[in-house]
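See below for the structure under consideration.
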Amino acid sequence: MENVSIILKNVYVFIEDHSLAVACICTSACSIYALKRYMAGGVCRSKARMNGKTVLITGANAGIGKETAKDLARRGARVLLACRDKSKADRAAEDIRKSTGNKNVVVYILDLASLKSIRQCANEVLSKEPKLDVLINNAGVFGAPRRKTEDGFEMHFGTNHLGTFLFTNLLLDLLKKSAPSKIVNVSSRGHERAQIDFENLNGEKNYSFNGAYEQSKLANVLFTRELNKRLQGTNVTANYLHPGVVDTGMIGFKDNCGFAMRIFLNVVYYGFFKYIMKSAVQGAQTTIYCAVDPDLDNVSGKYFSDCAMKKEVPQALDNEVSAKLWKVSEEMVRL
């Protein structure tokens, strides 16, 4: 007891002598914790079941896509994982089956950077699946070094937009036949800083991975807007969302940057931002909300984040640009 008293006395003296420093540390710790709680965002509170529903999720072998698949499998849905890597997809499917008790989890091979793969996957889905109630376009790339898809498109635009555009269009008849049905497009808040440059869709004039990514995400938004117009009267809805700043391992440029950037990533990103980012489970909440909440059954063409509808930026509301992008996209993918 005497030793404990001495220790407590020394701690008290230390705090008294360093009261300002201790107060600053405690305040900073509380602020960071509060920021982390704030960044966690909204939670899907809908208890809706998905029994008898078929849901297809692209890029569902990891991150947000996998957590979305798990949640919908727990709700009783037949879950189709459309992924590029078969071995990873098979492992993810088995994990989902074990963790949810739902054996109705199926793998399809889909590489959104290949028009051939997209057409093959869509044809397989159409031949095997009698219905499709929800299509979740989740797959995407971020931070890729400057490179092209199999068909010669800039990687971000070709994968995030053109691949999603073609795959969705090829499945539209099945979605219409299955109506009421939903299309949920995972975009990013980065679209708010972008403009569509029709003279530089493939980075021909200039390139930055961040600019290319943001343009591809605005393309997702404008695609959703034009799709919503074309789906009027079909009982198929189409909405888009920002999942939040999520730690999903999508930082694809970390091994392709200079020494200074690697130092920045190690100190700032991994030392701080990684801590306050959403987890994959938290990042999946808005996707799940858009897919399952019955209050959204008749809501279409809207923007969501943190499980709530958000105000759209002017460039997301440009009907002329969305119509032109649709036409250009049709030509690029030879639809």
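The values are calculated or read from the model by the stated rules, or taken from the named source; none is laboratory data. Everything numeric here is computed off the predicted structure, so don't read it as measured data. Cβ placement follows ideal geometry from the backbone for every residue including glycine, while neighbour counts extend to all protein chains displayed.
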Open item on the list: If I ask for residues that are in a helix (DSSP H, G or I) and out of contact with any Gly (no Cβ under 6 Å at 6 or more places or on another chain), which ones from segment 189-211 would you list?
Closed with: ARG189, GLY190, HIS191, GLU192, ARG193, ASN210, GLY211
Open item on the list: Can you tell me which residue is surrounded by the fewest Cβ atoms within 10 Å (Cβ to Cβ) among those in segment 111-151 that are in a loop (DSSP other than H, G, I, E, B) and without any contact (Cβ under 8 Å) to a residue 24 or more places away in the chain?
Closed with: PRO130
Open item on the list: Taking the conditions exactly as written (among the basic types (Lys, Arg), surrounded by 22 or more Cβ atoms within 10 Å (Cβ to Cβ) and under 20 Å from the mean Cα position of the chain (by Cα)), does LYS182 satisfy them or not?
Closed with: yes
- [ ] Could you tell me which numbered condition ASN298 fails, if it satisfies all but one of (1) part of a loop (DSSP other than H, G, I, E, B); (2) buried (at least 16 other Cβ atoms within 10 Å of the Cβ); (3) modelled with pLDDT of 75 or more?
- [x] (2)
Task: Residue in segment 160-179 that is on the phi > 0 side of the Ramachandran plot and surrounded by fewer than 22 Cβ atoms within 10 Å (Cβ to Cβ) present - done: no
Task: segment 206-262, subset modelled with pLDDT of 95 or more and among the β-branched types (Val, Ile, Thr), residue farthest from the chain's Cα centre (by Cα) - done: THR234
Task: Residue list for segment 159-188, filter: touching a Ser or Thr at 6+ places or on another chain (Cβ under 7 Å), more than 23 Å from LYS324 (Cβ to Cβ), of a type outside the set (Gly, Ala, Ser) and not in a strand (DSSP E or B) - done: LEU175, LYS176
Open item on the list: Quick test for you: out of ASP85, ASP95, ASP111, pick the one residue that is under 17 Å from ILE136 (Cα atoms) and charged (D, E, K, R).
Closed with: ASP111
Task: Which listed residue is under 19 Å from the mean Cα position of the chain (by Cα) and either farther than 23 Å from THR286 by Cα or polar (S, T, N, Q) (or both), from ILE64, ILE96, ILE109, ILE57 - done: ILE109
